[in-house]
1. In contact (Cβ under 8 Å) with a residue 60 or more places away in the chain, open to solvent by less than 10 Å² (accessible area, probe 1.4 Å) and either farther than 30 Å from Ile19 by Cβ or in a helix (DSSP H, G or I) (or both): does that describe Tyr114?
2. Please count how many residues of the stretch 182-204 are at pLDDT 75 or above and in contact with a helix residue (DSSP H, G or I) (Cβ under 8 Å, 6 or more places away or on another chain).
3. Within the stretch 239-264, restricting attention to residues that are among the hydroxyl-bearing types (Ser, Thr, Tyr) and open to solvent by less than 50 Å² (accessible area, probe 1.4 Å), which residue is farthest from Val126 (Cα to Cα)?
4. Can you find even one residue in the stretch 206-223 that is at pLDDT below 75 and open to solvent by less than 60 Å² (accessible area, probe 1.4 Å)?
5. Confirm whether Tyr22 is over 18 Å from Pro285 (Cα atoms), at pLDDT 90 or above, open to solvent by 70 Å² or more (accessible area, probe 1.4 Å) and in contact with a helix residue (DSSP H, G or I) (Cβ under 9 Å, 6 or more places away or on another chain).
6. Testing Val126 on (1) open to solvent by 50 Å² or more (accessible area, probe 1.4 Å); (2) under 48 Å from the mean Cα position of the chain (by Cα); (3) modelled with pLDDT of 85 or more; (4) not small (Gly, Ala, Ser), one condition comes back false. Which one is that?
7. For the stretch 60-72, how many residues are open to solvent by less than 80 Å² (accessible area, probe 1.4 Å) and at pLDDT below 85?
8. Of all residues in the stretch 87-108, count the ones that are under 28 Å from Thr246 (Cβ atoms) and exposed (fewer than 15 other Cβ atoms within 10 Å of the Cβ).
Amino acid sequence: MSNKKFNFAFVISIIIILIYSYIVFMGIVYWKDGDILQGIIYSAALIVITLACIIIMCRAKATRWKTTGNIVQILCGIVILAALALSTMPFAHFINLVMKQKEISEAFEKAHQYGSQSVIAYNDYVKKREVDTRNFLITVDAGHGERNPSEYNEIFGLPGNDSNTVKIDRMINSLHTILLPDSVTHANDEALKNLEKGAKMSVWNIAMPQYINSIDEMVKTNVETFSKLSKNAHGYKGDNSYPAFTYKQYTDQNAQLKEMLTHMSMPSVISVIAALVCFGFMLLPYYLVERDLAGGTSGSGKHATLATPSSSMRPNGSERRSRLREREQADKQTRQ
């Protein structure tokens, strides 16, 4: 084996380690619901441990101290196998997500759609409530208090010379202002714009988990705000029987999407095969290092040697034969 082949194998090993670690990083980010820092720490540790163990194993395999070298190889092999075994689950998790890309995209689009509809649903609620309230007030006005005089006087018995029609319009405007103040209207417009920006995302987009969390937080905040406004809004005295605003469609759909992204299922056959292939390429430099490079069992000169302090000081096969002939000639001359 030449040094060029060994260096090429080492470059391939590094590339595979980086690719494998990135997939592990993505798997942890999804598993931990968008925790990028934890993914960086784990993947960086994996790169350092794997690379260090491979280098040490290569040197230990080529050393002339075979017993020590074997012990070091075994210890490093245990460490690297443990690190790779622990990383298999997040690696397989992200591979499974990639395989379910279409299903996840559909669930994401539905959750995104329901998130947008939370604002639209409240606007529809406001319109319906205003219509229902107006119809109720018109009905009360048409009866002139004959059915329920106290209710009529409570609603229309206000000081002033305005007609009941004007009073109804005033009460509906007041109700609308309470249900949809300008600040909420502006916030709703901004929310819809932000939702439109991330209408479509791939699982390869590292921002997807955090974007889902941001939508979740925004929708929950909006629904809580809408619910409070609908409970406290009264177009007239005694208007407290209208049901408050509720919206559960997004919560159900988002829970289903998060379950798909964060739940680690059993590794698929493809993910296991991919992990094993990566392991094999990671250890490619170790496979190419031969044990007899520093042990002196082969003197052909066709094999590459790792640079060790004693490798240049040991005599090769031709030097040993020359010294042996010199010793034989010296022995003959002594006997003569």
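The values are calculated or read from the model by the stated rules, or taken from the named source; none is laboratory data. Not measured: the values here are computed from a predicted model. Neighbour counts are summed over all protein chains in view; Cβ atoms, including those assigned to glycine, are modelled from backbone coordinates with ideal geometry. Side chains are part of the model used for accessible areas, which takes the heavy atoms of the whole protein and leaves out ligands, DNA and RNA. Shrake-Rupley method; radii C 1.70, N 1.55, O 1.52, S 1.80 Å.
1. Values: in contact (Cβ under 8 Å) with a residue 60 or more places away in the chain: yes; open to solvent by less than 10 Å² (accessible area, probe 1.4 Å): no; either farther than 30 Å from Ile19 by Cβ or in a helix (DSSP H, G or I) (or both): yes.
It is false that Tyr114 is in contact (Cβ under 8 Å) with a residue 60 or more places away in the chain, open to solvent by less than 10 Å² (accessible area, probe 1.4 Å) and either farther than 30 Å from Ile19 by Cβ or in a helix (DSSP H, G or I) (or both).
2. Within the stretch 182-204, the first condition is being at pLDDT 75 or above, and the residues that meet it are 182-184, 202-204.
Of the ones still in play, those that are also in contact with a helix residue (DSSP H, G or I) (Cβ under 8 Å, 6 or more places away or on another chain) are 184, 202-204.
Going through the stretch 182-204 one residue at a time, the tally reaches 4.
3. Our first condition is that a residue be among the hydroxyl-bearing types (Ser, Thr, Tyr); within the stretch 239-264, this holds for 241-242, 246-247, 250-251, 262.
Among the residues that remain, those that are also open to solvent by less than 50 Å² (accessible area, probe 1.4 Å) are: 247, 250, 262.
Values: Tyr247: 14, Tyr250: 19, Thr262: 36 Å.
Once the filter is applied, the top-ranked residue is Thr262.
4. Narrowing the stretch 206-223 to residues at pLDDT below 75: none.
Checking the stretch 206-223: not a single residue is at pLDDT below 75 and open to solvent by less than 60 Å² (accessible area, probe 1.4 Å).
5. Details: over 18 Å from Pro285 (Cα atoms): yes; at pLDDT 90 or above: yes; open to solvent by 70 Å² or more (accessible area, probe 1.4 Å): yes; in contact with a helix residue (DSSP H, G or I) (Cβ under 9 Å, 6 or more places away or on another chain): yes.
When the stated conditions are applied, Tyr22 passes them.
6. (1)
7. In the first step, residues of the stretch 60-72 are kept if they are open to solvent by less than 80 Å² (accessible area, probe 1.4 Å); the result is 60-63, 69-70, 72.
Now restrict to residues that are at pLDDT below 85: 60-63, 69-70.
Qualifying residue count for the region: 6.
8. We begin by selecting, within the stretch 87-108, every residue under 28 Å from Thr246 (Cβ atoms); these are 104, 106-108.
Still in the running and exposed (fewer than 15 other Cβ atoms within 10 Å of the Cβ): 106.
Summing the residues that are under 28 Å from Thr246 (Cβ atoms) and exposed (fewer than 15 other Cβ atoms within 10 Å of the Cβ) in the stretch 87-108 gives 1.
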